[in-house]
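A.B. asks: Pasting in a structure now, in structure tokens, and then I'll have a few things to ask.
All of the numbers you see were taken from the coordinates with simple rules; none came from a lab. Quick caveat, the model's predicted, so the values are computed rather than measured. No Cβ is skipped: glycine too gets one built from the backbone with ideal geometry, and neighbour counts run over all protein chains shown.
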Amino acid sequence: MKRLYLLPLIGIGTDSEPRQPKYVQANFPGVPYTLMDYGAEDICLLCMDLNATQHTLLSAFADVAAFPANMQQVVGVNLTQVQLAFTAANLPSEWVSETDTFSQVAQHIMRIFQFAQRLNAFHASKLFSGGVTLDTRWNQLPATVHTRLLNAAASLNYDIAGLSGASTLRQILTNLRDQYARGNIPLDEIS
């Protein structure tokens with residue numbers, strides 16, 4: 001059954017050391033997958049068709065967050081667990097509510113990932129480096145990061161008014177996510 005996972009990427013992105021989802025090559029060689037990365041960050045959403053035993057193995061790793069098989073299930077009592085997994089992955093999490101479905105949650109993540117990929121296409125460097133966190137404010141970011149964010153947002157015709165002052169990176173990413181206008185991204189086509 002195809003399932004969705006949030007997990008680290010390993011490798012540096014060269015031919016000899018390609019970026020790939022952690023644990024997959026060692027534990028599931030030859031099993032096809034699709035993934036969507038968080039730009040230059042070392043995290044991805046992975047979609048794999050795994051049997052119950054394989055799913056249990058992958059989900060058992062502490063740095064893997066498995067989505068439920070039923071993506072229409074609401075977050076409900078899993079809210080704290082979801083928010084902690086997102087925070088660990090440098091993803092804004094305060095917007096997630098108990099009444100959101102996991103499908104809605106995945107769509108929000110993929111929209112942030114889409115922006116991060118655009119940012120990476122213009123400037124192949126991590127956003128979360130040098131002490132930058134989700135709570136870092138715009139006016140605390142280095143000027144080079146300002147330029148990168150503004151260029152990536154402008155290339156998508158996004159409103160950049162929210163990229164200023166005391167806005168936190170958490171608020172900025174949420175604002176940029178909300179401007180993504182291409183509709184839902186197919187969950188099983190996240191490559």
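A.B. asks: Just one of (i) 9, 36, 36, 17, 2; (ii) 10, 41, 37, 11, 0; (iii) 8, 23, 16, 12, 10, 10, 9, 7, 4, 1 is P(r) over Cα pairs in 10 Å bins from 0, in percent as worked out from the coordinates here. Which one is it?
C.D. replies: (i)
A.B. asks: Ok, one more. Calculate the FRET efficiency for Arg137 and Thr101 from the Cβ-Cβ distance with a Förster distance of 30 Å, rounded to the nearest 0.05.
C.D. replies: Given R0 = 30 Å and the Cβ-Cβ separation, E is 0.40.
A.B. asks: OK, next. Find the relative contact order for the chain and round it to a whole percent, using C-alpha pairs within less than 8 Å whose residues are 6+ positions apart.
C.D. replies: Normalised by residue count, the contact order of the chain is 23 percent.
A.B. asks: For Val77 and Thr53, FRET efficiency with R0 = 22 Å and r from the beta-carbon atoms, rounded to 0.05?
C.D. replies: Given R0 = 22 Å and the Cβ-Cβ separation, E is 0.25.
A.B. asks: Set the Förster radius R0 to 30 Å, insert the Cβ-Cβ distance between Ala121 and Ser16 as r into 1/(1 + (r/R0)^6), and round the FRET efficiency to 0.05.
C.D. replies: Calculated value: 0.85.
A.B. asks: Among Thr144, Thr87, Thr53, which one shows the biggest mean-square fluctuation in a GNM of the chain, springs joining Cα atoms closer than 10 Å?
C.D. replies: The residue that fluctuates most here is Thr53.
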